[in-house]
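The structure appears below as structure tokens.
The values are calculated or read from the model by the stated rules, or taken from the named source; none is laboratory data. Note that the coordinates shown come from a computational prediction; the quantities given were computed from them, not determined experimentally. As a convention, Cβ positions derive from the backbone with ideal geometry for all residues, glycine included, and neighbour counts pool all protein chains shown. What goes into the accessible areas is simple: the full protein's heavy atoms, side chains included, and nothing from ligands, DNA or RNA. Shrake-Rupley method; radii C 1.70, N 1.55, O 1.52, S 1.80 Å.
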Amino acid sequence: MRRRLRYSNWSGRHSTIPSAWEAPGDEEAVAALVRRAVAEGRRVKVVGAGHSWSDIGMPDDILVSLDGIADVRAIDRDAGTITVGAGIRLWQLNARLAEAGLALPILGSVTEQSVAGVASTATHGSSLVHGNIASGVVGARLVTGRGDMLALGADDPRLAAARVGLGALGILTEITIRVVPAFNLREEVEPVAVEQAAADVEAIARSAEYVKIWHLPHTGMAQVFRYTRTDEAPNLSRVARWIDDHVVNRRVFPALLRFSGRRPASIPRMNRIIARTYLKPTTMVAGSVEAFTLAMPPRHRETEYAVAIGDARAAFEGTLALIERERLRVNFPLEVRFVRGDDAWMSPAYGRDTCQLGAYSGQAPDLDPYFRGFERLMDGLDGRPHWGKETTISPAKVLARLPMAAEFLALRGRLDPHGVFANGFLDRVLGPRAAAG
Ligand SMILES: Cc1cc2nc3c(=O)[nH]c(=O)nc-3n(C[C@H](O)[C@H](O)[C@H](O)COP(=O)(O)OP(=O)(O)OC[C@H]3O[C@@H](n4cnc5c(N)ncnc54)[C@H](O)[C@@H]3O)c2cc1C
């Protein structure tokens, strides 16, 4: 498949015209493609669903899609695992798991992404009991920058690097990930004063199996979402969800974001009107997939950093103070989530339970000062970036903040000696690599 089409990420902020679009149908074809690229001095970038706010998945040269390697290969009920072609999307995987009475133990807010994409950027939900999605990966197959095929089992130390590989180590062609019996969740939403939520953030994080906090700036209030397992039957209204998805998120919110982007002075008042409509205590029971996920949000931009859970209060209060002090007008919620510590070398949760703070905004004049101020604050708190979200982190800071970064770079040198998997993002964030060849 060869097309001269433009490739864009979800937010539309990054786009490029790849020199070629490749869609190999099996691992051998992936390996042959890599060997050819190396021989010709080219770079290849494997993409998932393009759902990263950062340019981590932007091809400089050849785009490779694994949409054709997206099959379910094995379900092992005794081991509690499923093995899939790495290009499978989360929604496809969830559907197959549901048929088998199984589920992933945790998800983020949407399921459009590929399994390899979410693992590669350490995509997460919110729980100090469960790690990010990559933490469930117990096996993988990887095509390296030499065109070799590696099988990485749970006992292979390189799996801890490849689980969150940033697309820098090779092309994952197969993933084996932990699954659990399907379960229902009761969601309880409690409105609280935002100062209270920030002061108590650590206790709140530990108050249920899954917990997250949203704060719409300028409202003085936060919503605490708690999710507990239940045997109750789901009562999620599909009509309400459809309206949320097709009317509110696709029509009403985008119009409000466009208006507030042009008239930023209206943002505080508009946020307060939205809060009056939505800030109510609510409860709902749903299957885990429906409970974890949201209607697709309107187009906006995100940056996100992970701090040690002990710094969650300072990070949360610091962000509130930043908005106040700089008089920033912010038209999207601040999201506060939690991730159990893990051992994936480049995971923002490496070695510590974390609080992940997400600063989000629709296009608006204060977006840049907000994101830059937020990143400066995270700098002071040893913050580690979410790889799939906007970040200006430098290679020196990556080395200082991620204890295994040097080992990761050394392994990258061995697995991708020609820099065939490099792109602009990796050059900027991990340090430049010579072009392949
Ligand atoms: C609307 C929306 C909601 C989101 N919600 C959340 C959330 O709740 N929690 C959260 O943490 N993040 C969230 N994200 C971020 C998103 O999950 C990550 O950026 C994720 O990586 C996107 O997956 P993708 O399949 O689109 O990968 P892409 O963005 O296409 O690629 C991401 C990286 O993965 C690499 N990659 C892809 N496939 C392979 C492969 N086979 N082998 C090796 N590397 C590969 C790419 O090269 C690239 O480096 C959200 C994003 C959007 C747009």
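Structure values in brief
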item: Per residue, in Å², the accessible surface of the range 72-181 once ligands and nucleic acids are set aside, probe 1.4 Å; result: 32 Å²
item: Accessible surface of the range 72-181 [probe 1.4 Å, protein heavy atoms]: carbon and sulfur percent; result: 51 percent
item: Whole-Å distance, taken between Cα centres, linking the range 1-42 and the range 99-159; result: 22 Å
item: Shape category assigned to the range 60-112 from the gyration tensor of Cα positions, a/c cut at 1.5; result: prolate
item: Sequence-distant residues sharing a close amide H with TYR7 (under 5 Å, placed H); result: THR16, ILE17
item: Table column - 3J(HN,Hα) (Hz), the range 270-276, Karplus curve with 6.51, -1.76, 1.60, x for Gly and Pro; result: 4, 4, 5, 5, 4, 4, 4
item: Mean-position separation - Cα centroids, the range 235-295 and the range 166-219, in angstrom; result: 18 Å
item: Nearest 10 degrees, 0 to 90: helix 367-379 Cα axis against the chain principal axis; result: 80 degrees
item: On Cα atoms only, tilt of 253-262 relative to the major axis of the chain in degrees; result: 80 degrees
item: CD proxy at 222 nm, helix term only [per DSSP H run n ≥ 4: -39500 (n - 2.57); per residue of the chain; nearest 500]; result: -8000 deg cm²/dmol
item: Cα gyration tensor, the range 1-118 - rounded (a/c under 1.5), prolate or oblate; result: oblate
item: Partners for LYS212 among lysines (Cα-Cα distance below 18 Å; same-chain residues under 8 apart left out); result: LYS280
item: Share of pairwise Cα separations in the chain, more than 41 Å, in percent; result: 13 percent
item: Listed peptides 63-74, 46-57 by packing density, highest first (mean Cβ within 10 Å); result: 46-57, 63-74
item: Relative packing of peptides 359-371, 262-274, 332-344, 388-400 - highest average C-beta neighbours within 10 Å first; result: 332-344, 359-371, 388-400, 262-274
item: Mean separation of Cα contacts under 8 Å, 6 or more apart, over the residue count of the chain: relative contact order %; result: 19 percent
item: Length-normalised contact order of the range 184-385 in % [C-alpha pairs under 8 Å, at least 6 apart]; result: 27 percent
item: Percentage of interatomic Cα-Cα distances in the range 182-307 larger than 19 Å; result: 58 percent
item: Under 18 Å from the Cα of LYS397 - lysines, other chains or at least 8 residues apart; result: LYS389
item: Helix 405-415 axis, angle to the chain major axis (alpha carbon atoms, nearest 10°); result: 30 degrees
item: Antiparallel content of DSSP bridges confined to the range 306-437, in %, to 5; result: 90 percent
